[in-house]
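K.L.:
Okay, handing you the structure first.
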Amino acid sequence: MHPRQARFEDARPDRRVIVVGDNGLTLRFIRNLIDNFAFCVIAVIPAGPGGQRSELRRAARAHDRLAVLEVHQTDADSVAAAIREAGLTDAYAVALMDQNDVGNLHLALKIREMSHYLGDETLPRLVIRMYNRGLRDHMQKLLGDDGVFVKSDADMVARTYAAAALEQIPPGDIDIWDRRLYLARAVDPRAQAQWVVATGNEFGVDMIPDDADEAVRLLCLEPVAARRWVRPMWEAVAQWSRQWLHTLRRTFSKGLWMAAAVLMAVMLGGMTTLLTVDSLNGSRKVDGDFWDALYMLAMMAAGGADPDTTDHWELRLTHVVVVVSGALLIPVVTGAIVQAVVERRYALAEGRMVRAVRDHVIVVGLGNMGTRVVETLRDRRIPVVAIEKDRDAIGVRAARAAGAQVLLGDASRPETLQEAEVKYSRSLVAMAKQDSANLETALSGLECKPDLRTVMRIYNPEFASLIRRNLNRNRSLHEASQHSSYSAPQVAAGSFARELTDDEILETIPVRGQIAYIAEVTVDEGAWLDDVPAHQASVPGSHRLLAVKRSSGGVRWNPDAAFRIAQGDTLLVLVTRKGLNEVREYCRPAAPTPAGRHRPDFA
């Protein structure tokens with residue numbers, strides 16, 4: 001046994017996690033497990049320098065909950081043997097975080113085989129980092145569905161970046177118990193119910209306080225609204241009109257517009273003559289009827305009206321001019337249609353805009369993460385314009401398949417952003433791999449539109465925080481941030497860590513370095529919370545009751561003081577980490593109170 005592992009002998013086996021990997025995401029993932037979820041971690045890394053190994057070794061010296069097990073060979077057999085040595089049969093979970101899809105799959109299969117060979121009846125959870133989407137979608141066939149979580153960095157972070165682009169507070173919309181919750185910075189009058197998550201000022205924050213003064217995060221329950229048909233229909237008509245006008249503007253050249261204007265003037269003149277034909281020729285009466293005049297005009301334009309030498313000269317002149325103009329109109333219209341088709345095909349081939357957009361999101365960079373952000377936005381029916389330098393990037397085809405327009409060009413150039421209609425966009429999301437490119441793109445966007453909302457992918461969390469604070473320095477803590485910047489590894493690490501948490505935790509809510517959780521806990525028979533008023537199930541600074549689901553299936557959101565909790569009820573609570581442990585204790589059957597343990601007074 002590795003000498004550093006001895007410190008875990010007294011630790012609960014269900015809190016021990018074995019993590020394989022030495023990259024930046026692995027380091028942040030381990031810190032989340034230790035600091036936010038109180039897990040004990042054994043990190044299996046290659047011996048020698050490289051990656052984040054030095055950081056992991058320093059972290060192991062600083063944290064009693066972290067140990068490092070080094071392997072001298074990185075083949076699957078050697079790593080699997082190290083995992084077994086680290087205590088596979090006692091581990092709660094194994095996380096494979098290397099940037100090697102095939103290697104992670106190979107190692108996962110060996111771990112499952114080794115667990116069965118060792119007679120491990122309760123197989124450890126497997127969390128596997130996997131880039132290849134096709135391979136990821138078929139992993140369950142190889143490993144089964146029980147306790148296996150196959151995730152991609154892009155899948156983890158796309159939700160956060162998309163929420164920021166839509167001016168939502170990450171993690172964005174939260175769907176629980178067939179209802180939608182969301183976060184706000186101030187009291188929202190349209191919310192059906194709302195609970196204070198945190199209050200604070202420039203000195204710090206208090207989680208789940210009793211007082212709503214200086215609230216910086218509120219959890220809101222979206223009301224159940226009746227389906228509206230008029231507004232969506234009106235918006236669809238307006239969008240179609242904008243696209244049609246945009247197509248006309250791009251299709252017709254200046255010469256075609258001038259020709260169309262002359263022909264329109266001829267037609268209007270002919271209409272005027274026909275409406276006054278009664279005064280010109282008594283033998284052909286129209287009586288000033290508009291529809292009869294329009295009929296005669298259409299027949300003339302199509303060459304379908306027979307000439308009549310007995311007509312007045314003005315009518316005969318109108319006949320000639322309209323027929324000649326109609327003959328010219330047909331090739332003009334045909335040419336415009338052909339030009340529109342050719343222009344569209346050329347625009348697609350060259351990566352140009354093909355239709356008008358308004359209130360859209362511009363996503364720059366169609367790598368793995370940028371493509372997932374595009375797909376996430378399109379799943380919510382948000383118009384998207386994606387900008388990519390490389391026309392051969394895989395994300396170009398995926399973005400178009402999702403319904404986004406793709407513009408090929410350098411997004412740091414104002415001309416490219418102007419072609420993407422940045423002045424009409426709702427936000428700009430910079431998802432390139434280089435921090436400098438993302439920052440330059442965001443600043444170029446602000447030159448084109450000073451009130452533009454920007455979201456940036458920045459690797460270093462500290463650098464991302466500095467950028468965010470400086471760009472938003474003129475805004476108060478209670479105002480919505482105009483600019484957001486997130487470290488993708490930091491966001492992904494928190495999401496990966498949540499996959500290893502207890503099943504009760506449904507969502508995590510980060511607030512300035514602290515975390516609150518939304519969790520569900522079932523009340524057992526004889527528990528301390530059995531047969532007590534609902535309002536007594538909330539303790540400031542620890543936990544707050546959001547909803548109660550009866551064993552019969554009914555749900556009561558924000559129950560009042562007259563509502564009583566009963567055994568078999570499932571409680572939905574907003575909690576801190578310490579508060580979750582307290583709620584679990586209160587939902588278990590009451591036991592004799594040992595010294596130093598205080599039973600809550602629900603009287």
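The values are calculated or read from the model by the stated rules, or taken from the named source; none is laboratory data. Computed from a prediction, not measured in an experiment: that's the story for all the values here. Because the Cβ atoms are built from the backbone with ideal geometry, glycine has one as well, and the counts that use them run over all protein chains shown. Keep in mind that these areas ignore ligands, DNA and RNA; they rest on the heavy atoms of the full protein, side chains included. Shrake-Rupley method; radii C 1.70, N 1.55, O 1.52, S 1.80 Å.
K.L.:
Peptides 369-375, 482-488: what's the order by average Cβ count within 10 Å, highest mean first?
P.N.:
Values: 369-375: 26.7, 482-488: 22.3.
Ranking, from highest mean packing down: 369-375, 482-488.
K.L.:
Which of the pairs Lys151/Lys423; Lys141/Lys549; Lys151/Lys549; Lys151/Lys433; Lys151/Lys389; Lys110/Lys151 have their Cα atoms more than 25 Å apart in this structure? Each step should come with its number before you reach the end.
P.N.:
On the way: Lys151/Lys423 36 Å; Lys141/Lys549 34 Å; Lys151/Lys549 30 Å; Lys151/Lys433 20 Å; Lys151/Lys389 27 Å; Lys110/Lys151 19 Å.
Beyond 25 Å between Cα atoms: Lys151/Lys423; Lys141/Lys549; Lys151/Lys549; Lys151/Lys389.
K.L.:
Quick one: net charge of Ile467's neighbours, Cβ under 15 Å, K/R +1, D/E -1? Mind showing how you got there, number by number?
P.N.:
On the way: positive: Arg453, Arg457, Arg468, Arg469, Arg473, Arg475; negative: Asp435, Glu440, Glu462.
Local charge sum for Ile467: +3.
K.L.:
So who's got an amide H within less than 5 Å of the one on Leu66, skipping anything under 5 residues away but keeping other chains? H placed 1.01 Å off N, in plane.
P.N.:
Correct list: Val41.
K.L.:
Sorting check: for 93-101, 390-398, 357-365, 108-116, which peptide has the highest mean count of neighbouring beta carbons within 10 Å, and how do the rest follow? Please list the in-between numbers first.
P.N.:
Values: 93-101: 21.1, 390-398: 15.4, 357-365: 23.9, 108-116: 17.4.
The packing order, highest mean first, is 357-365, 93-101, 108-116, 390-398.
K.L.:
Counting Lys and Arg as +1 and Asp and Glu as -1, what is the net charge of the other residues whose Cβ lies under 12 Å from the Cβ of Asn201? Walk me through the intermediate numbers first.
P.N.:
Numbers: positive: Arg512; negative: Glu202, Asp206, Asp213, Glu214.
Here the charged neighbours net out to -3.
K.L.:
Considering amide H positions built from the backbone, and no H for Pro or chain starts, which residues 5 or more places from Val511, or on another chain, come under 5 Å of its amide H?
P.N.:
Hits under the 5 Å cutoff: Ala516.
K.L.:
Gain in length, Asp379 to Ala480, computed as 0.36 nm per residue apart minus the alpha-carbon separation, to one decimal in nm? Before the final figure, lay out each step's value.
P.N.:
On the way: separation 101, 0.36 × 101 = 36.36 nm, distance 2.43 nm.
Gain in length upon complete extension: 33.9 nm.
K.L.:
Could you order the peptides 506-518, 179-191 from most to least packed, using the average number of other C-beta atoms within 10 Å per residue?
P.N.:
506-518, 179-191
K.L.:
Non-local amide H neighbours of Asp410 (under 5 Å, H modeled in plane, Pro and chain starts lacking H): which ones?
P.N.:
Hits under the 5 Å cutoff: none.
K.L.:
Here's something else I'd like to know. Looking only at region 408-521, where both bridge partners belong to it, what percent of the DSSP beta bridges are antiparallel (to the nearest 5)? Provide the component values of the computation, followed by the final result.
P.N.:
Details: 6 of 13 bridges.
About 45 percent, rounded to the nearest 5.
K.L.:
Please compute the net charge surrounding Arg179, taking Lys and Arg as +1 and Asp and Glu as -1 over other residues with Cβ under 14 Å from its Cβ.
P.N.:
Numbers: positive: Arg180, Lys549, Arg556; negative: Asp173, Asp175, Asp178, Glu222, Glu507, Glu520.
Summing Lys/Arg as +1 and Asp/Glu as -1 gives -3.
K.L.:
What shape does region 154-231 have by the C-alpha gyration tensor, where a ≥ b ≥ c are the square roots of the eigenvalues, rounded means a/c under 1.5, and otherwise prolate means a/b greater than b/c and oblate the rest? Don't skip to the end; give the middle numbers.
P.N.:
On the way: a/c = 2.13, a/b = 1.33, b/c = 1.61.
Taking the square roots of the gyration eigenvalues as a ≥ b ≥ c, region 154-231 is oblate.
K.L.:
Could you check how much of the accessible area of region 415-459 is carbon and sulfur, as a whole percent, using a 1.4 Å probe? Let's see the in-between values first.
P.N.:
Working: 940 of 1960 Å².
Reported share for carbon and sulfur atoms: 48 percent.
K.L.:
Compute the distance in nm between two label points, each set 7 Å from the Cα along the Cα-to-Cβ direction, one at Ser241 and one at Asp64.
P.N.:
So the label points at Ser241 and Asp64 sit 7.0 nm apart.
K.L.:
Nearest-5 percent of antiparallel DSSP beta bridges in region 48-196?
P.N.:
Percentage antiparallel, nearest 5: 25.
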